[in-house]
Each structure stands twice: as C-alpha cells, then as structure tokens.
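Below you'll find the structure, written out as structure tokens, and then a few comments.
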Amino acid sequence: MTPVTEVTDIPQPRQGDPEITPELVAEHGLSEEEYERILGILGRTPTFTELGIFSAMWSEHCGYKNSKRLLRLLPTEAPWVIQGPGENAGVIDVGDGLAIAFKIESHNHPSAVEPYQGAATGVGGILRDIFTMGARPIAVLDSLRFGDLDSGRVRYLLAGVVKGIGDYGNCVGIPNIGGEVFFDRAYEGNPLVNAMAIGLMKREELILGEATGVGNTLMAVGARTGRDGIHGATFASEELSEDADEASRPRVQVGDPFTEKLLLEASLELIRSGHIVGIQDMGAAGLTSSASEMAGRGGSGVVLEMADVPVREEGMTPYEILLSESQERMLVVAERGKEHEVRKILEKWELEAEPVGEVTDDGRFRILEHGAVVADIPALPLTDGCPTYEREGIEGEEVKAAREMDLSSFLEPEGDLTPIFLELLGSPNLTSKRWIYEQYDTTVRTGTVIRPGGDAGVIRLRGTKKGIAATTDCNGRYCWLDPREGAKAAVAEAARNVVCAGALPTAVTNNLNFGNPLKPHIYHQLREAVLGMAEACSLFETPVTGGNVSLFNETDGVAIYPTPVIGMVGILDDVEAHATSAAFQAQGDVILLLGENREEIGGSEYLYRTQGMVAGKPPVVDLLAERRLQHGVLGLIQRGLVRSAHDCAEGGLAFALLESALGDGSQAFGVDVELHDRLAPVALFFGETTGRVVVSCAPEDEADVLEAARGFGIPVRVLGHVTAPDGAFSMRTPRGSLQIEMSALAERYFGTLPALMERTEPAPEAGVQEEF
Amino acid sequence: MRVAVLTFPGSNCDYDCYQALKTLGGFEPEFRWHRDRELGDVDAVMIPGGFSYGDYLRPGAIARFSPILEAVADFARAGGPVVGICNGFQVLCEAGLLPGALLRNESLRFRSFPVHIRVETTRTPFTSTYAKGQVLQIPIAHGDGNYHATPETLAELEGEDRIVFRYCTPKGALSPEANPNGSAHHIAGILNETRNVLGMMPHPERAVEKILGSTDGTGLFTSLRSHLQGAAA
C-alpha cells in the first residue's frame, strides 16, 4: 500500500454515494438520538461509508446498546479466569500450564431464512473466535430451539440446521460433544441456533485481538471479500417479518469449512511463529468491527486502504468492503518487516495474506480509497461510545395470568398412568435426540470420553489426567413464566449436568436470546433473567467469561420465549476415574434419589403435551440446597461410590429413570422402583422439580452411599433396583403406577424423532431450498 | 518401524492416527505433506480420514492427483502395506489402488456412532492378531461409505477372500439394520489383489484406549506391527 501517515483531509462524499437523509439514517437502524451523537463525534455530517460503519458498530449485535448496562451485573471474575468478557472468547486456567478458551454465539436470524448456511456459518464463526485466541478447537456443542414438528417448515428448518452444523464441524474435524434441542410453538417463526466451542492452549500461547505497535502492518488473511452478508449485524438486530425471507437471504453468509480448516491450521501456525501481535476474526460487521475493535483495545489507531483488500468481484465500494461478512477471513497485525513470513505460512495452506493497512498512534479509524480519505472516525467513540439504554420493564399481563393459573385439576389422575407415559413418549422434547447427533462426528480427535445423549459431554486433555465437561441448558418455558427463576434454573441445571458427568463447574458463557427490548415486557424479561443468572452464577462460583446477546427474536411482532442459554464448562481432575455416565451399568444395582420431590407441574412438558398449556409457577429453585446437592454428588463420584448419575429434568423422575435404563440404546435395563410420597402421582412421575439427581451403585456400596450423602447434608433414599436387560419398567407410588415392557419404551424413545422427521407428506415450504 | 501418515489439506484424522501409533508403541509415525514427492524410508503408509480438498467434486477425487499419491502407488506396487481409513479408503478407490467406489450413504445423511464389524479374514497384514469371525466395536463417521462395485468385482472379492470386515449385529449376524450405509455385501473393508492395501470405513484409531470406549481397534495396529517385524526378521 501507499504509506499515508499525514492525511488530514476531511472525507469527501464519493461519487455515486447516496445523500445522507433522515430516511437513510433510519434505514441504517440508527435513532435520531444516536445520529445526533454521531454528528457530535465527527463535528460534521458523516459520509455514506461512515454512516454504514456506525450503523454496524452501533447495532445491538456489535454495540450491545440495550443489554450492556444489564450485563455489568454479571459476575465475571475469579482467580482462574484469565480472560473475561470483551475479547473473542473467554479463557480460564485449567492447571498443568493449560488454558481453555470457550464461547457461545447465536446465528438465529440467518438460520431462520437459510437454515443450512445460517447454522454452518454459526459454527464457523464460533470456531474462529476460539482459534484467534491461540487455542485449538477441541469440541463444539449446539443449543437449538424450533417450533412444533407438525409444521413442514419447522421440519425443513431442523433438517437444514442439523445438516449445516454437521457438515461444517465434521469437515473441520471438531467433535460435537453435546447440546440440547427443544420444541415449542413459541419458536415457530424464529428458531434459535446457538453454537458453542471450546479450545485448548498452553497458557503462554494466548493472543489477543489488539492492534499495537505503530507502523505494524494490518493484513487481510484467508478468503477474499465478497458482497455476501452485507449488514448481517444490522439484520441480526431487527425483528423478522413474514416477507423477510426472500429479501433477507442475501444478508446471510455462505460458509466453506474446507477453507476454515486451512485457516485454522494457518492461524495457529502464525500465532506460534511470533510474527504477529494480534489477530481477530472478521465476523459480524466484518473488516469494520475487527479493525476498529483491535484499534480500540490496543489504544491505537488504524488506517486501511480499500484498494488493497483482496476482493472477489470488481467494483466493490468501500461501504461494501467494510460491511461484507464474507466468511473465513481474519485480520492480523504483523510485526513490521515480517509480512513476507506471514505470507509464506498462509501460502503453505493455500491461502492469501495481503497488507491492507497499518497501526497508527492517532486513535483514528481511517479508511482510504486509492489514497483519498473516505472515512475518518475516532476509534474509541466508535467502539465504546455507542449509547446504552436502560429501558422501562414491566411484566406482561398474559404471563401473570398464565403463572397464577390453578393447576390442581391436572394433578388428579391416579391409578395406572402408563397411557400418559406413552403419550409423553410422543414428545420430541422428552425422547432421544439421536437422529440429530448421529449426524455429527462425535469422536474425531480421539478425546471424547462421554458422547452426546447424556447430561454433559466429556473430553480428556491428552498428556494430563484432566478432562473438560461441557453442557448447554435453558428451559424457555420456565423463563417465560418467571424469567428470574427460569434463569436460575438454567444455571442450576447446567451446573448439575456438569457435576453428574464428574466435573467441578468452573465457568459460564451465555447466550441471551430475547425479543424486542424496546417493548417493556421484553425488557422486563431481559432484566429479570440477567438478575437471576447473576445470583446463581455468583453462588455457584461460575463467572461469566463472555457470550452473546441476540435480541429482536420476533416474527410479526410475536416474541420467542426468553431463552438465556447457559453454556457451562467444568473440570475433571482425574477423567479416567471420575467421568460418569447417565446410564445404569449393571443388573442388581441400587437406584437412589438425591434431593426432594415436590408437587410441581408448572411449565412442564406434561402440561404442554396433555393440555397444550404453558402455565403455572415454574419449579422452585433453592440455590443453597442445589449447591449442597451438587457438592454431594461430586463427592460421591470422586469417592468412587456411584456407577451412574443423571440429572432429573424435563419429563421428571420417570424420564430420568428411563434415560438411565436405556443409556445409548445398546442395552435396555429394566427398572423396579417404589416411592412412598403421598404427592399426586403425575407430579411424582412427570413433575419437573429441580435439584434432583438419580444415581446407581453396587449393592455392597448402598450403605456407604447413604451415609456419605447424609454426611453431605443432602436428602437421599433408595428407590429400587436395576433389573434384567429387556425387563420391565415398573414405578409405583401409593396412588399411581407405571408398568410397561422396556422394549416398547425403547422403540418409542428412539423412534419418535425419526418418525416425526421422516413424515411422508410434503413440507410445503421446503421447495424454497431449490430456488437459489 | 516407520509409518508415514499422509496429510492433505482437509485431513482431520491424521493426528489421531499419529497418536494411535505412538500410544500403541513400536511405531515411529511421521507426517507426509500432500505436496511431498517421496515417502522416504518407511515401512507402512496410513491415509487418514477427513475431507481432503474439502471433498470437492467427490471424496478423494482430488487427493488422488496429489504428488504424494504417486509415491504411495509405487510403494503399494512394491508390496508395502498401505491402510486407508474413511477418507483414506475413498482416496484409494479413486486412485484405483482398490476396486469399487464409495457412494453417498443410503440414508443420505452423515452417520456417526459405534458400529459392530466382523473380521472376515485373518490372512492379511492387518488382521492376523484377530480371530476369524471376531466382532469388533469401532466408530464410524462418514457421509459417503456406501460401498459399491460391479457384480463381477464383488464376486472376485468374495471368491478371493478379500473382504476384511463386514458390518454386523453385536452378535455377529448380518442384517440390513446393522448396515449403516447400504454397502454391498455389508462391506466395511476390503483388500487389493496382492493383499497389502486395506481400505476401511470404520476408524480403528478411535478405538485403541479404554477411556475412548473400545480397544477393539488395537488388533489392526498389533497385526501390522507383527507383520513388519516378520518382514524385518
């Protein structure tokens, strides 16, 4: 590039750029107040290019303007946190000189209009966030929400999203170790696709997204810049409408996992080479956000020459180049004089690296086109000066009514409740997700100790005794009925899942999926959920090290359930000895329940499935009791006393027992269990009371388990026994019973989702896929 | 014993093969880059799984033109043992070192889970430490594993005892339900005519440690080791 260090020219409008009008400002998603602030920062009218830059950086997606103040309430620090929020990913110390980087991110809107590419690029983006920290990705998880599967459109979305996640992750070669999927009509028009990734590095290999060292060279690395995904960040910050599909598809990016794999190897080699000082993914808002954020964090400035950016097509304007979200691109800051070495590493991996600018000391984000200034903005106000809002939050009337509803009549069924059990086995929320995770490579990298299908996935850290457990959790129904309690429940469940796998919960990444925060009842949900999350994360000592906010998840004015997804990681000190599966291990083993039963059916799948209702108070979360329980379960596992441990969640105790009996499907044990509680049998069987874990142990260890559990101060009792493979499932209470052959249960448990997905009637909108 | 592990752009099981060889001992694995023209002084070659060249065109279709494949073909013609796993199997078929082709899975979906395979022959450098009829549990992870060949080729493979592994039930029975991809004759792995080139879809390198859920893949490596020791003696 032509060295330009003394440019003081005021940017002039480019020929062909539209005139800045109030309408144009509004189209860019900027309010009058925000536009006033831009005028104040610049001291003049922005150029079209500058307007585009502000629009992207001050979108909700990049600027967090409606959530930033709330996010400050979350606990983010602990001695083991190396990097908290604000970087590409959070990083925690796991001992042995190692650290893990991890983060979750949403790709909801792109997946709603183009499920395959939307989901695929979601995985691509989160992987880049991990390896730009210097970490090699070692696992991915996915947290998904869809409408009910009787809609052809929903089946098309699920099939496309799963294939997109699978094709991308499989090709790059990162095992998928878990996640969750939940179906409810609230997500019909606006599915949620949240992808989480975990990477491993040596502590000293950590590198940050900072532009430092005046005169160092900015280089565009990886794929070329095209016209795809322009304004993706702004798109992600709007509501969807019925006709948005067609118009919005060009704003969805297209992924290429092969290039990603090359970029991954090249980036790690580059970082280890010592030739670069900073690196960042060109993700949302592309070159604009990567360059300005790196300048902001480095306390420096940058100047970029648009003519030097490698492009896919002729005639791209600075506006387009700056806002393109073409995938598999990185911005690196190379040590001055090392550009050739950087290029050589990229060439080995058949990729390009071109100098596009340099680091300056003037604190400005300056864009040139053939030497002429087209944008000149102070970097810090651009990245950190986005106005933040505290909105009015008022609980919606509809929710209040639903929560206060009297559910006593639904507690009445007594006697043989097997027919209800069978009805619930028709729900994809309660049955096996094997149809999904079988499409993901779960064992590549030969580190997977516990595969998807249980509570949390577990991977070992080669060369150490350690392992990492990870899970994602959130029940949107609970959060709709009571956002604060629902968010607490999500954190508690995530921690419980990690504990059941044998790990100590360590840190959290979160994905806040909500509707339009300008509506008081949505802002209320957001605030309450953050407060609940903060309380639970503080108590469990699991700081939030980063994450993602996805607002405006609405279709034609109707919001999704508030869905603050918790991605939690935990550490196993001795993975070989402590990794614990949810599956029963041997006939004759004793089944025990830790925790207490309560008569709760609010927000349950039982109500949704049998009554079509989402109502009542969600299960109470007693955080102190929960912490005691988890401490105890981990203690039992570490003492080698239990052979399986499984969290009791959706579908209640009956489904927890069924899942433990079925395991991965290779063998189905029978279950013989008796409860003496006088509670309503539907609540005992299917109620979703939290704070409960089902464990099994060898008969000779029963007394020790009981004694140890009491020592930990947790309620414990023997429920019954694991019986012969392919025996019966028998569960009895004083007022009701479930009695059925395991073979019949297994068939339904594993057959429900495939049967729903392989329906023969045409999915009416599925043809959309062919229209490209 | 030195084993070359090939790395193409897009290979993603190269490191796993390398680690399995290291873990089981007696091997000195070395990576070979797709642009290398020489294998060097090695005793065996492993072509790992992954998505070489992004599976563009067809899995394995571009890798067969890489410079290193010529060296592998020479090595195989000279009788050197070559194992292709998953994408490696696809590459060997595309390169004509093994007969037949691997089509899209019958379900048209990628499939990843542990399967059972039956050892059909122990007259190979790769299965001599197994028992004939032994059932192994080994993971698969592929979208294109549906083995296809002409009736003549299939008859030849059967007649010459060149089918090494077949998908089966845990008890060793052949059934459509136990065939994860629709492969002809339930084929999971085959040999070339001279019995020194093996292609297989399941991943033995993912089943060599108890912590990974199965050690049934170990026999492949120990067989190869004793074959090479025999050759050296």
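The values are calculated or read from the model by the stated rules, or taken from the named source; none is laboratory data. What you see is a predicted model, and the numbers here were worked out from it, not measured in a lab. Here Cβ is always computed from backbone atoms with ideal geometry, including for glycine, and neighbour counts include all displayed protein chains.
Considered as a group, the residues in region B:18-61 that are touching a helix residue (DSSP H, G or I) at 6+ places or on another chain (Cβ under 7 Å), within 11 Å of another protein chain (Cβ to nearest Cβ) and assigned to a helix (DSSP H, G or I) include one that is surrounded by the fewest Cβ atoms within 10 Å (Cβ to Cβ), and that residue is B:GLY54.
Say we look at region A:461-478 and pick out the residues that are buried (at least 24 other Cβ atoms within 10 Å of the Cβ) and not hydrophobic (A, V, I, L, M, F, W, C); which of these is nearest to the other protein chains (Cβ to nearest Cβ)? Only one residue tops the list, namely A:GLY467.
Step by step: first the residues of region B:96-128, then only those that are under 19 Å from B:SER226 (Cβ atoms) and not in a strand (DSSP E or B), then the one that is farthest from the other protein chains (Cβ to nearest Cβ). Which residue is that? Restricting to residues being under 19 Å from B:SER226 (Cβ atoms) and not in a strand (DSSP E or B), the top hit is B:ARG123.
Scanning region A:530-560 for residues that are touching a Leu at 6+ places or on another chain (Cβ under 9 Å), over 19 Å from A:LEU623 (Cβ atoms) and not β-branched (Val, Ile, Thr) yields a count of 8.
Per the listing A:ALA195, A:ALA139, A:ALA159, the residue uniquely among the hydrophobic types (A, V, I, L, M, F, W, C), in a helix (DSSP H, G or I) and modelled with pLDDT of 95 or more is A:ALA159. The numbered conditions (1) over 25 Å from A:ALA668 (Cα atoms); (2) surrounded by fewer than 22 Cβ atoms within 10 Å (Cβ to Cβ) are all true for A:PRO618 except (2). Elements of the type helices (runs of 4 or more DSSP H) sitting completely within region A:499-613 and holding at least 1 residues that are farther than 18 Å from A:ASN475 by Cα and within 14 Å of chain B (Cβ to nearest Cβ): these cover A:575-578. Taken across region A:266-274, residues that are among the hydroxyl-bearing types (Ser, Thr, Tyr) and crowded, with 23+ Cβ neighbours inside 10 Å do occur, with at least one present.
Specify the residue that is surrounded by the fewest Cβ atoms within 10 Å (Cβ to Cβ); the eligible residues are those in region B:6-17 that are assigned to a strand (DSSP E or B) and of a type outside the set (A, V, I, L, M, F, W, C).
B:THR7
Filtered by the rule that a residue be buried (at least 23 other Cβ atoms within 10 Å of the Cβ) and either under 14 Å from the mean Cα position of the chain (by Cα) or farther than 13 Å from A:ILE198 by Cβ (or both), region A:88-100 gives A:ASN88, A:ALA89, A:GLY90. For region A:346-374, a residue qualifies if it is closer than 22 Å to A:THR212 by Cβ and touching a helix residue (DSSP H, G or I) at 6+ places or on another chain (Cβ under 8 Å), and the qualifying residues are A:LEU346, A:ALA353, A:GLU354, A:PRO355, A:VAL356, A:GLY357, A:VAL359, A:GLY363, A:ARG364, A:PHE365, A:ILE367, A:LEU368. Quick test for you: out of B:ARG123, B:ARG195, pick the one residue that is at negative phi and touching a Lys or Arg at 6+ places or on another chain (Cβ under 9 Å). Answer to the check: B:ARG123. Search region B:164-180 for residues being part of a loop (DSSP other than H, G, I, E, B) and closer than 15 Å to B:GLY145 by Cβ, and hand back the single one that is nearest to the other protein chains (Cβ to nearest Cβ). So the residue we want is B:PRO180. Could you go through region A:201-218 and let me know if any residue there is surrounded by fewer than 23 Cβ atoms within 10 Å (Cβ to Cβ) and in contact with a Phe, Trp or Tyr (Cβ under 8 Å, 6 or more places away or on another chain). No, region A:201-218 contains no residue that is surrounded by fewer than 23 Cβ atoms within 10 Å (Cβ to Cβ) and in contact with a Phe, Trp or Tyr (Cβ under 8 Å, 6 or more places away or on another chain).
Tell me, which residue of region A:337-363 that is assigned to a loop (DSSP other than H, G, I, E, B) and touching a strand residue (DSSP E or B) at 6+ places or on another chain (Cβ under 6 Å) is nearest to the other protein chains (Cβ to nearest Cβ)?
A:LEU351
Here A:ARG128, A:ARG153, A:ARG145 are screened, and the one residue that is away from chain B (no Cβ under 14 Å) and in a strand (DSSP E or B) is A:ARG145. The set of residues in region B:74-89 being touching a Leu at 6+ places or on another chain (Cβ under 7 Å) and either in a loop (DSSP other than H, G, I, E, B) or within 14 Å of chain A (Cβ to nearest Cβ) (or both) consists of B:PRO81 alone.
For A:THR225, the requirement of being of a type in the set (Ser, Thr, Tyr), over 20 Å from A:ASN548 (Cα atoms) and either within 14 Å of chain B (Cβ to nearest Cβ) or surrounded by fewer than 24 Cβ atoms within 10 Å (Cβ to Cβ) (or both) is not met. The residues in region B:129-160 that are closer than 14 Å to B:PRO204 by Cβ and in a loop (DSSP other than H, G, I, E, B) can be counted, and the count is 3. Exactly one residue out of A:LEU624, A:LEU653 is in contact with a helix residue (DSSP H, G or I) (Cβ under 9 Å, 6 or more places away or on another chain), surrounded by fewer than 22 Cβ atoms within 10 Å (Cβ to Cβ) and not in a strand (DSSP E or B): that is A:LEU624.
Considering region A:414-448, the residues that are in contact with a strand residue (DSSP E or B) (Cβ under 7 Å, 6 or more places away or on another chain) and in a helix (DSSP H, G or I) include one that is farthest from B:SER112 (Cα to Cα), namely A:THR418. Remark: pairs (first residue in region B:164-190, over 17 Å from B:GLY217 (Cβ atoms); second residue assigned to a strand (DSSP E or B) and of a type in the set (Gly, Ala, Ser); Cβ separation under 7 Å; 6+ apart in sequence or on different chains) = B:ILE190/B:GLY199. Of all residues in region B:198-233, those satisfying the criterion of being away from chain A (no Cβ under 13 Å), surrounded by fewer than 24 Cβ atoms within 10 Å (Cβ to Cβ) and not in a helix (DSSP H, G or I) are B:ASP216, B:ALA233. Looking across region A:406-445 at every residue that is without any contact (Cβ under 8 Å) to a residue 12 or more places away in the chain and more than 26 Å from A:GLN739 (Cα to Cα), the one that is nearest to the chain's Cα centre (by Cα) is identified as A:GLU438.
Among the residues making up region A:113-130, those that are at pLDDT below 95, more than 15 Å from the chain's Cα centre (by Cα) and of a type outside the set (Val, Ile, Thr) are A:GLU114, A:GLN117.
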